[in-house]
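Colleague: Starting off with a structure, shown below.
A short reminder: the numbers here are calculations on the coordinates, not readings from a lab. All figures in this text were calculated on a predicted structure; none of them were measured in a lab. Positions of Cβ are backbone-derived with ideal geometry, glycine not excepted, and every protein chain shown enters the neighbour counts.
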Amino acid sequence: MTALPTRLLELIRPDVRQMAAYHVQDAHGMVKLDVMENPYHLPPQLRQQLGAVLAQVALNRYPTPDYQRLKQKIAERLGVPPGYPLILGNGSDELISLLALACAQKDADGRAARVLSPAPSFVMYAMSAQIAGLEFTGVPLQADFTLDMPAMLAAIAREQPALVYLSYPNNPTGNLFADSDIEAILQACAGRSLVVLDEAYQPFAQVSWMERLPQYPHMLVMRTVSKLGLAGIRLGYMSGHPDLLAQLEKLRPPFNVNVLTEAAANFALDHLSLFDIQAAAICQAREQLAQQIAAWPGVQVFPSAANFLLVRVADSERVFQHMLQHKVLIKNVGKMHTLLSNCLRITIGAPEENQAMLAALKAALDSLN
Ligand code: PMP
């Protein structure tokens, strides 16, 4: 095909033209342990039942845009405090984009609103800010991945951010920030900044700020069903003060959650205990793997409350490539941030996947010596 005329390309914003697209690694034929999916399928009987449910869905109709039934079920079964509304997203990624869009304004001096998060953390906080024309500040964590509180509080005071993101547990480090630190951040932000607790990995951490929503009118709690075992249906949800959610609702595309997702999520919420059992198995495997890997020389394993482990090796790129040759796909995060130098992020899989991962990792580590 002939190249598009430059003048047409120049209709696209220069900063967008310079951006790299979100990269997803090719996983074909691989033991896939790169993006924190739940390795387990629904049991065959439930899959059949779900099939029957989905077959009844009216594909010819738009979704009813208030998603009342699904929201009510989420609220009841996933611990949303009474009276607190929900907004649904096509994945929590979409909710992060909506938040950036909602806060994208300039102050009286022409300076763009700011988004702040600890660094390293989930890349979409910075990306969504950039796309919406907001400034992003990443405040480096300490070497043990706890919050650098003097630096966080100074940055909040200096930047007066519109949005502060706290990934709880944090991706890609896996740890939970201390309650007292989060509380101090909430206090510093009271009345002036929105604080988003991103609880994507909550099914594995079993702790949450959701029930504390009534204490903090400027707090939003965001979650996803992706890590629970439903990454393919793309559903995120967020709760917070009704006045805030009413504003965000105006920006949400009216039919952003499709009817198949809505029906599948409704079904899944009736079988939550199954997902809880899977999450418990994943947590147990995480602890076993952490112990096994930590016993090997030349590896550091960081504590994780999520469905992945962060490990540091002598040469993350060589280990990553070696594991790839063994058909095990993990994520090399060594170049993401200086604090992650030579770190690999490994999703916890099913037992046979974990065994393949362990064998490939051991072989890779041995090859370094
Ligand atoms: N938040 C965090 C911390 C994540 O790690 C991810 C995905 N990796 C998301 C949000 C987005 O999840 P989803 O769009 O699948 O709901």
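Colleague: Quick one: which of 165-177, 296-308 comes out on top by average Cβ neighbours within 10 Å, and what's the full order, highest first?
Modeller: Final packing ranking: 165-177, 296-308.
Colleague: Another question, then. For the range 136-181 and the range 182-220, what is the separation of their C-alpha centers, rounded to whole Å?
Modeller: About 12 Å separates the Cα centre of the range 136-181 from the one of the range 182-220.
Colleague: Still on this structure, I have one more. Using amide H atoms built in the peptide plane, which far-off residues or other-chain residues are under 5 Å from residue 167 H to H?
Modeller: Sorted by chain and number, the residues that satisfy this are 198.
Colleague: Next question. For residue 31, list long-range residues whose amide hydrogen, built 1.01 Å from N in the peptide plane, is under 5 Å from its own amide hydrogen.
Modeller: 328, 329
Colleague: Still on this structure: What whole number of Å gives the distance from the Cα centroid of the range 1-62 to the Cα centroid of the range 100-122?
Modeller: 27
Colleague: Would you work out which of 251, 165, 127 lies farthest towards the positive end of the dipole of the range 61-270, given +1 charges on the beta-carbon of Lys and Arg and -1 on that of Asp and Glu, about the Cα centre?
Modeller: 251
Colleague: Now for a separate question. Students often check this: by mean Cβ neighbours within 10 Å, which of 310-320, 98-108 ranks highest, and how do the rest follow? Mind dumping the intermediate values first?
Modeller: Details: 310-320: 19.5, 98-108: 16.8.
Listed from highest to lowest mean packing, they are 310-320, 98-108.
Colleague: If you put +1 on each Lys and Arg Cβ and -1 on each Asp and Glu Cβ, how big is the dipole of the chain around its Cα centre, in Debye rounded to 20? Present the calculation step by step, with values, prior to reporting the outcome.
Modeller: Details: 29 positive and 32 negative charges, 136 e Å.
Result for the chain is approximately 660 debye, rounded to the nearest 20.
Colleague: For the peptides 2-8, 158-164, 276-282, 355-361, what is the packing order when you average, over each peptide's residues, the other Cβ atoms within 10 Å and list the highest mean first? Numbers along the way, then the final one.
Modeller: Numbers: 2-8: 6.9, 158-164: 20.7, 276-282: 17.0, 355-361: 19.0.
Ranking, from highest mean packing down: 158-164, 355-361, 276-282, 2-8.
Colleague: Helix by helix, which DSSP H runs in the chain go 27 Å or more along their axis at the Cα atoms and have an average Kyte-Doolittle hydropathy of 1.0 or more?
Modeller: Working: long enough: 272-294 (33 Å, 0.49).
None clear 27 Å together with a mean of 1.0.
Colleague: Averaged over all directions, how much area does the convex hull of the C-alpha atoms of the range 61-270 cover when projected, in nm²? Walk me through the numbers before you get to the answer.
Modeller: Values: hull surface 45.3 nm².
Taking the Cα atoms of the range 61-270, their convex hull projects to 11.3 nm² on average.
Colleague: To continue, here is another question. Counting only residues 5 or more places away or on other chains, whose amide H sits under 5 Å from the amide H of residue 348 once H atoms are built in the peptide plane?
Modeller: Amide H neighbours of residue 348: 308, 309.
Colleague: Longer than 25 Å from Cα to Cα, which of 73/250; 227/362; 106/250 are they? Say none if no pair is.
Modeller: Working: 73/250 23 Å; 227/362 27 Å; 106/250 20 Å.
From the list (73/250; 227/362; 106/250), the Cα-Cα distance tops 25 Å for 227/362.
Colleague: Additional query: Tally Lys and Arg at +1 and Asp and Glu at -1 over the other residues with C-beta under 13 Å from the C-beta of residue 102: what net charge comes out?
Modeller: Details: positive: 250, 252; negative: 94, 243, 249.
Net local charge, residue 102 excluded: -1.
Colleague: Also, I was wondering about something else. Based solely on its DSSP helices, what 222 nm [θ] is calculated for the chain when runs of n ≥ 4 H residues each add -39,500 (n - 2.57) and the sum is averaged over all residues, nearest 500 deg cm²/dmol? It would help to have the intermediate numbers written out before the result.
Modeller: Values: 14 runs with 149 residues, N = 369.
Result for the chain, helices only: -12000 deg cm²/dmol.
Colleague: Can you find, among 176, 118, 102, the residue sitting farthest towards the positive end of the charge dipole of the range 61-270, where Lys and Arg contribute +1 and Asp and Glu -1 at Cβ?
Modeller: Farthest along the dipole direction, towards plus: 102.
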